Amino acid sequence: MDEQQATAGRRSRGGGREAKRAARAARSAVTIPYITRQIPCFEVLSEEGLATIEHNADTILEEIGIDFRDDPESLEIWKAAGASVDGERVRFPRGMCRSIVQAHAPREFTQHARNAARSVQIGGRNTVFVPAYGSPFIRNLDDGRRYATIEDFRNFVKLAYLAPALHHSGGTICEPVDLPVNKRHFDMIYSHIKYSDKAFMGSVTAPERAEDTVEMAKITFGPDFVDPTTGRNKTVLVSLINANSPMTFDATMLGALKVYARANQATIITPFILAGAMSPVTVAGTAAQTLAESLAGMAFAQLVSPGAPVIFGSFASSVSMQSGAPTFGTPEPALVLYTMAALARRLGVPFRSGGGLCGSKIPDAQAAYESANTLLPTCLAGVNFVLHTAGWLEGGLSMGYEKFVMDADQAGMMQTFLQGVDMSENGQAMDAIREVGPGKHFLGCAHTQANFETAFYRSPLMDNNSFEQWEAEGSSDMAVRANANWKRQLAEYEAPALDPSVDEALLDYIARRKASFPDSNV
């Protein structure tokens, strides 16, 4: 056999093995709409420690206060509720924000997807994995780092739709900079609706863009947008409202929050904190400030629309004290995460944090370590809504194609982990132990034969073959295998069904709204 024939043979065998690996992964991947954890949450603070942080948060709200900037309506709402308003600074009687949240905010809620089988239950013991959010750049092995386009956005929506372990389509998966800033939200929301049937997030970059999102959701859901038993809108959107830490909410976020709350759509109230720059350098100090900011935002949402769903959010990482650059996957943010999750449970609202965060520029060992050091605490802590699960690179500046499918694979592993130990009769496997007995192996016993296809998580990316087989198949590393994986997925993608009349109505709405702008260029 000459070298060309040998190479062709290796490629043929490699292709066959890749096909088998993909088929095995497809068989073993169980598509579930969300995870209901079967293991306890990990705690790092005592009752006394958590109570101290709650006390300190109330002190921040009472003595220092929160600025509500450039939004006179919000100041009037707070004044009418009994808060002290001095200019744009709002101070709150001790316990006020907590009592408002606990009186009105739901402990759990359903975010409805256009495919009802993919609706997600947010809160309680449930975990929802969501793609990363907000990157202006993308990275892959073919192009390196470049600005994201609407085609990239569509690609990531498709990859999220195809990933069994991602339960949600996300929001601004990447920022399509090839479209005008004031109009790109139409194309992003439409992409979520057209190319996926999972739940998705709304636009928050201006109040009118939030209004467009709600209108497009109404078109998509039609009569099902309203719950006939309550007369209120169903919650079909979750949207991210960031506090401008430290201790400030700006008019853009407040405007979007009011639009969504009045439409009974969920908001994630999240202080965005890099400790050392936007909060104290200590875990307890950062936790107290995060709680204070979140309480103020969630209470405001309830004053705007009592009962509107809210999610208590925490994004807290640290900065290098040498360079000022953000760092990820370090111990202190994990401790903040555990602490905030416990505080959310005590408050009685769903919690958002964590993900697959890293500062690495490429999907390398640094990316893997940092992401694992964020994702595992996320799962152990009991986070309900895990934004930034897949794709995050470069501190969120880049969305990685290879990183996306690698992270989705890790989310699949966490899904299995959170299901805990199977203590059913089959899980105890006593019949197998009796059948095999001492000195033999379990490979051929009846229990193994009945369970082998689903017994262990099967990664579509990991290579556990011998060195010789790995070398014969091209000696590829994880990133190379991930590159082939996402390309194969996109090549095989098939869009979920969408009612043609709904599609036509959405396109008509988008065309009319875009034409209403002074610059009518698409």
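The values are calculated or read from the model by the stated rules, or taken from the named source; none is laboratory data. Keep in mind the model is a prediction, meaning the values are calculated, not measured. Ideal geometry is used to build each Cβ from the backbone, glycine not excepted, and the neighbour counts take in all protein chains shown. Ligands, DNA and RNA are stripped out before the accessible areas are found, and what is left, the full protein with its side chains, is counted by its heavy atoms. Shrake-Rupley method; radii C 1.70, N 1.55, O 1.52, S 1.80 Å.
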Report the calculated FRET efficiency for E425 and Q469 (r = Cβ-Cβ distance, R0 = 41 Å), to the nearest 0.05.
-> 0.65
Mind checking the angle between helix 72-81 and the chain's longest principal axis? C-alpha axes, 0 to 90 degrees, to the nearest 10.
-> 80
Listed candidates (1) 35.7; (2) 22.7; (3) 29.8 - label of the one calculated as mean projected area of the Cα convex hull in nm² = (3)
In nm, to one decimal, how far is the modelled label at T205 from the one at V480, with both set 7 Å along Cα→Cβ?
-> 3.8
Roughly how tilted is helix 500-515, in degrees to the nearest 10 and between 0 and 90, from the longest Cα axis of the chain?
-> 50
Magnitude of the Cβ-charge dipole (Lys and Arg +1, Asp and Glu -1) of the range 213-343 about the Cα centre, nearest 20 debye, reported as 240
Using just the helices of the chain, give the 222 nm mean residue ellipticity in deg cm²/dmol: DSSP H runs with n ≥ 4 each add -39,500 (n - 2.57), and the total is spread over all residues, rounded to 500.
-> -14500 deg cm²/dmol
To the nearest 20 debye, the range 424-521 has a Cα-centred charge dipole, built from +1 on Lys and Arg Cβ and -1 on Asp and Glu Cβ, of 200
Picking from A217, Y195, L240, whose Cα lies most toward the positive end of the charge dipole for the range 136-249 (charges on Cβ: Lys, Arg +1; Asp, Glu -1)?
-> L240
Cα gyration tensor of the range 388-522, axes a ≥ b ≥ c as square roots of the eigenvalues: rounded (a/c below 1.5), prolate (a/b > b/c) or oblate?
-> prolate
Hey, any idea what % of the range 101-180's accessible area is carbon plus sulfur with a 1.4 Å probe?
-> 46
Work out from phi, with θ = phi - 60° and the Karplus expression 6.51 cos²θ - 1.76 cosθ + 1.60, the ³J(HN,Hα) of each residue of the range 470-475, listed in order in whole Hz, and give x for Gly and Pro.
-> 4, 5, 5, 8, x, 6
Enter the Cα centre distance for the pair the range 274-320 and the range 105-168, rounded to the nearest angstrom.
-> 23
Residue (of Q428, F456, L397) at the positive-pole extreme of the range 392-457, dipole from beta-carbon charges = Q428
Give me the angle, in degrees from 0 to 90, between the Cα long axis of helix 401-418 and the longest principal axis of the Cα atoms of the chain, rounded to the nearest 10.
-> 90
Relative contact order, percent, of the chain when contacts are C-alpha pairs under 8 Å separated by at least 6 residues?
-> 18
Would you mind working out the magnitude of the charge dipole of the range 350-457 relative to its Cα centre, with +1 at each Lys and Arg C-beta and -1 at each Asp and Glu C-beta, to the nearest 20 Debye?
-> 160
Roughly what % antiparallel, to the nearest 5, for the DSSP beta bridges in the chain?
-> 45
What is the extension gain from S99 to N115, computed as 0.36 nm multiplied by their sequence separation minus the C-alpha to C-alpha distance, in nm to one decimal?
-> 2.2 nm
Is any residue of the range 315-348 close enough, with backbone N under 18 Å, to a label point placed 7 angstrom from the Cα of R125 along the Cα-Cβ axis, and if so, which?
-> 342, 345-346, 348
Under a plain spin-label model, where a point goes 7 Å from the Cα along Cα-to-Cβ, how far apart in nm are T282 and A372?
-> 3.3
Descending accessible area (1.4 Å probe), largest on the left, turns K79, K198 into K79, K198
Taking a probe of 1.4 Å and leaving out DNA, RNA and ligands, the chain shows per residue an accessible area in Å² of 43
Roughly what would the spin-label model give for V181 and N451, points 7 Å off Cα along C-beta, in nm?
-> 5.7
Could you tell me the distance between the Cα centroids of the range 428-462 and the range 34-59, to the nearest Å?
-> 39
Between their Cα atoms, which of K158/K361; K258/K403; K194/K514; K258/K514; K218/K258 are more than 28 Å away from each other?
-> K258/K403
What is the set of long-range amide H partners of I311 at a cut-off below 5 Å, with H atoms built 1.01 Å from backbone N?
-> T267, I268, I269
